[in-house]
Amino acid sequence: MISSIVQLTKTWRGRFILAIVASQLAIPLHYYVRHRDPHDERFAWRMFSPMRMSKCQATWQRDDQPLNLGGEFHEAWLELVERGRFTVIEAMGAELCKRYPGARIRVSLDCTYLDAPAEHYGGYDLCQVPEL
Amino acid sequence: MAKRSPRGKRPPATSPSPPSAPTTPPASQKPATSPKMTPAPTVAPAPSPKFWFGFEVSWAKLAIGRVVLFGLLAADALLAIRHAPRYGAGGFNVAQLAGLDGLGPTHASYAITQLGLAYLFVLAACGIATRYVVPIAAAGYAWLYFGSQLDSYQHHYLVVMLLVIGSAIPWQRPAGATARTPVRSWALRLFLVQLAILYLWAAISKMTPAWLDGRTLAMQIVTAPDRMNLRGAIDATIGMATLSKLVLVTELGLAATLCWKRAWPIVAPVGVLFHLGIVLSKFDIGLFAWLMIGIYGFVVPDRIWIALAEWPPIRVLGRLGRVITGAGWIVAGVLVLGALGLAMLVRLPYATGMATLIVGVSIGAAYSAQRFAATPQARVAKIGAAALLATGLWGVVDRGSDVATDYYRFWGGSSRRLGDLASAERAYRELVAIAPDEPVGHFQLGRLLLDKDPVAGLAHLRTAQHLEPSRARAYLAEARYLAKQGTAAAKAQALDKAREGTFAEPSSSEARALVDQLTKGTLATPAQDDP
């Protein structure tokens with residue numbers, strides 16, 4: 001095995017093979033050993049996983065008043081919010097902070113899981129603390 | 001792997017991209033020919049590790065796999081156009097990779113790129129300039145996928161990987177190759193290894209109680225009126241828990257055996273049945289399951305594809321194809337004109353412009369190749385035939401699906417919700433133009449026009465009433481408009497219209513409420529949001 005790997009490093013084709021195989025083993029591993037967002041299963045080949053069945057409800061507020069996002073973002077982004085995708089929620093928060101300068105944009109995310117207790121995320125002003 | 005003794009019994013006919021490592025043929029290697037494959041015009045011993053660099057398939061398998069794989073990708077690209085309106089909507093985007101948000105596709109660039117990809121995939125399916133076509137398609141596909149998290153299909157990420165790897169597969173017919181000629185490709189081996197890794201991780205993700213006890217699968221396989229009762233059949237037989245365990249075992253088994261050639265007679269039917277099961281479950285994953293079934297073509301034993309390729313009707317078709325594509329500029333011109341004519345009938349956005357551009361570039365490339373690189377004239381007619389096939393596929397997908405109408409409907413809907421009424425009007429006008437018999441376009445356009453051009457708006461609403469006589473919404477929109485006019489006569493007409501709405505759709509609570517409000521004079525204008 002080792003000698004095969006050494007031989008592979010000697011040609012560009014071999015190095016290409018090693019890069020693809022190594023990346024495809026390492027990138028999904030990242031989800032299991034060090035993830036910030038449990039809902040973000042991209043690049044981890046977790047099709048139809050139990051996590052995919054989780055449901056999240058986001059409550060958005062602008063200066064403590066309910067904020068309807070239907071007129072702010074395409075509904076496809078709101079679907080990703082329901083899947084609890086942190087990067088999307090944070091980017092939406094940043095966008096709202098930009099659209100409403102000086103406002104307090106608060107988001108609370110309540111998620112339920114098939115195989116874990118319910119979790120609560122956020123609940124604070126994303127313009128002050130931009131990460132969930 | 002490196003210690004495996006070379007088989008030596010099937011010298012590769014051609015090695016279009018031979019490894020550059022110097023090799024010495026082992027003493028045990030015999031330059032004999034396989035009874036199933038033709039002898040090689042040139043024989044190059046496979047360098048080590050042979051697991052990668054000695055991997056061979058018959059030319060018949062590679063050619064048929066190419067047609068199936070790229071044909072499916074072409075259809076999938078066209079079907080994805082319906083999602084174009086979400087890209088760039090509201091001026092917001094989050095890319096798959098940090099820092100690329102600003103480089104994501106817009107709704108126009110997404111649609112144009114998918115049309116272009118469909119065209120390139122047809123060229124690849126026909127084996128035309130695959131050394132250039134496949135990498136260009138890989139780059140375009142990767143841009144669309146990595147450019148926005150709106151694409152949440154994991155199989156699109158898989159396609160990016162397969163196209164990157166596939167850029168190194170020798171898809172074009174090697175000189176003198178027949179159906180039986182073995183073709184050596186380390187990249188095709190990597191293609192299968194990529195799938196094996198995918199199965200491994202997919203299985204690992206299912207090693208949790210929530211999967212093993214059947215709860216996860218039970219939530220995903222639901223019974224719906226338009227689906228066969230797969231759920232009922234499973235519950236009445238093996239049950240969800242057993243099926244879930246079977247799925248896990250199957251994925252692990254496929255991961256372990258996909259790259260083991262001797263296991264292919266078992267792996268191929270198991271894999272195909274596994275993905276057929278996914279097709280039957282109707283998960284919302286586009287053509288992914290079909291794509292996987294197509295990819296299993298590379299695992300089906302070579303002798304089956306060789307037999308198919310040598311089947312007399314297929315050989316006749318092949319000869320016919322060679323006659324057509326072997327013709328010169330005149331036939332090429334006729335084919336190209338036919339392709340452009342077909343493109344003009346396609347209702348997909350930007351179809352005519354894209355067809356003209358791509359055909360122009362293709363002809364230019366073919367002329368340059370002929371003029372400066374002494375490429376045989378046959379290529380020119382082949383490009384014309386591929387152009388005709390590509391625009392023909394555009395037409396088949398357009399007329400055989402709702403892609404074009406969905407595109408304009410989604411565009412109009414998202415623009416309306418995001419407050420861009422001018423863009424919404426443009427989308428609905430296009431929808432009415434391409435589908436004058438669809439009520440949704442008339443209804444939405446009518447509602448939009450009521451304020452600025454009431455005559456046209458009412459005309460569209462009445463067309464919608466005529467086209468969907470059992471729905472109340474167009475009657476109610478007209479009733480609300482009339483009630484807003486304030487005169488007694490208009491209010492009476494509004495009440496009549498609202499009543500017509502209740503006759504059209506007796507179950508509509510909204511229609512009954514409107515009649516009630518108009519009768520009592522307590523109408524408040526609600527925000528109606530039909531898709």
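The values are calculated or read from the model by the stated rules, or taken from the named source; none is laboratory data. A quick note: this is a predicted structure, and the numbers were derived from the prediction, not measured. Using ideal geometry, Cβ is built from the backbone for each residue, glycine included, and neighbour counts are taken over all protein chains shown.
Identify, from the list A:R52, A:R36, A:R15, the residue that is assigned to a loop (DSSP other than H, G, I, E, B) and either at the interface with chain B (Cβ under 7 Å from one of its Cβ atoms) or of a type outside the set (G, A, S) (or both). Walk me through how you get there before you give the answer.
Numbers: A:R52 fails: assigned to a loop (DSSP other than H, G, I, E, B); A:R15 fails: assigned to a loop (DSSP other than H, G, I, E, B).
Just one listed residue meets the conditions, A:R36.
Residues that are buried (at least 19 other Cβ atoms within 10 Å of the Cβ) and without any contact (Cβ under 8 Å) to a residue 24 or more places away in the chain: does segment B:128-138 have at least one? Please lay out each step first, then the result.
Keep residues of segment B:128-138 that are buried (at least 19 other Cβ atoms within 10 Å of the Cβ), which gives B:128-130, B:133-134, B:137-138.
Of the ones still in play, those that are also without any contact (Cβ under 8 Å) to a residue 24 or more places away in the chain are B:133.
Checked segment B:128-138: at least one residue is buried (at least 19 other Cβ atoms within 10 Å of the Cβ) and without any contact (Cβ under 8 Å) to a residue 24 or more places away in the chain.
Identify the single condition in (1) outside any loop (DSSP other than H, G, I, E, B); (2) free of Cβ contacts under 8 Å to residues at least 12 places away in the same chain; (3) over 25 Å from B:H155 (Cα atoms) that A:Y121 does not satisfy, given that it satisfies every other one.
All conditions are met except number (2).
Tally up the residues in segment B:197-229 that are among the polar types (S, T, N, Q) and modelled with pLDDT of 90 or more, please.
The qualifying residues number 3.
Considering only residues that are of a type in the set (V, I, T) and under 20 Å from B:E425 (Cβ atoms), which ones fall in segment B:447-501?
B:V455, B:T463
With respect to the numbered conditions (1) crowded, with 20+ Cβ neighbours inside 10 Å; (2) touching a Gly at 6+ places or on another chain (Cβ under 8 Å); (3) closer than 27 Å to B:R426 by Cβ, which one is the sole condition not fulfilled by B:L514?
(3)
Give the residue that is nearest to the other protein chains (Cβ to nearest Cβ), with candidates limited to residues of segment B:79-109 that are at positive phi and crowded, with 18+ Cβ neighbours inside 10 Å.
Step by step, filter segment B:79-109, then rank; the result is B:G90.
Quick check: is even one residue across segment B:289-303 more than 24 Å from B:I221 (Cβ to Cβ) and acidic (D, E)? Outline the logic, then answer.
Taking segment B:289-303 as the starting set, the residues that turn out to be more than 24 Å from B:I221 (Cβ to Cβ) are B:297-303.
This time we only want the ones that are acidic (D, E), so: B:302.
The answer is yes, given that some residue of segment B:289-303 is more than 24 Å from B:I221 (Cβ to Cβ) and acidic (D, E).
Kindly indicate whether any position in segment B:500-508 is in contact (Cβ under 8 Å) with a residue 24 or more places away in the chain, in a helix (DSSP H, G or I) and acidic (D, E).
yes
Among the candidates B:A175, B:A139, B:A118, which residue alone is small (G, A, S), in the same structural domain as B:G88 (by TED's automatic domain parsing) and in contact with a helix residue (DSSP H, G or I) (Cβ under 8 Å, 6 or more places away or on another chain)?
One residue alone meets the criteria, B:A118.
When you scan segment A:113-127, do you find a residue that is at the interface with another protein chain (Cβ under 8 Å from one of its Cβ atoms) and more than 17 Å from the chain's Cα centre (by Cα), even just one?
So far as segment A:113-127 goes, yes, one or more of its residues are at the interface with another protein chain (Cβ under 8 Å from one of its Cβ atoms) and more than 17 Å from the chain's Cα centre (by Cα).
Against the definition (outside any loop (DSSP other than H, G, I, E, B) and touching a Lys or Arg at 6+ places or on another chain (Cβ under 9 Å)), how does B:R303 come out, yes or no?
Yes; evaluated as a whole, the condition is true for this residue.
So A:W60 fits all but one of (1) under 22 Å from B:Q220 (Cβ atoms); (2) in contact with a strand residue (DSSP E or B) (Cβ under 8 Å, 6 or more places away or on another chain); (3) surrounded by 16 or more Cβ atoms within 10 Å (Cβ to Cβ); what number is the exception?
(1)
Please go through segment A:55-76 and pick out each residue that is of a type in the set (D, E, K, R) and either closer than 15 Å to A:C111 by Cβ or facing another protein chain (nearest Cβ under 8 Å) (or both).
Of everything in segment A:55-76, those that are of a type in the set (D, E, K, R) and either closer than 15 Å to A:C111 by Cβ or facing another protein chain (nearest Cβ under 8 Å) (or both) turn out to be A:K55, A:E72, A:E75.
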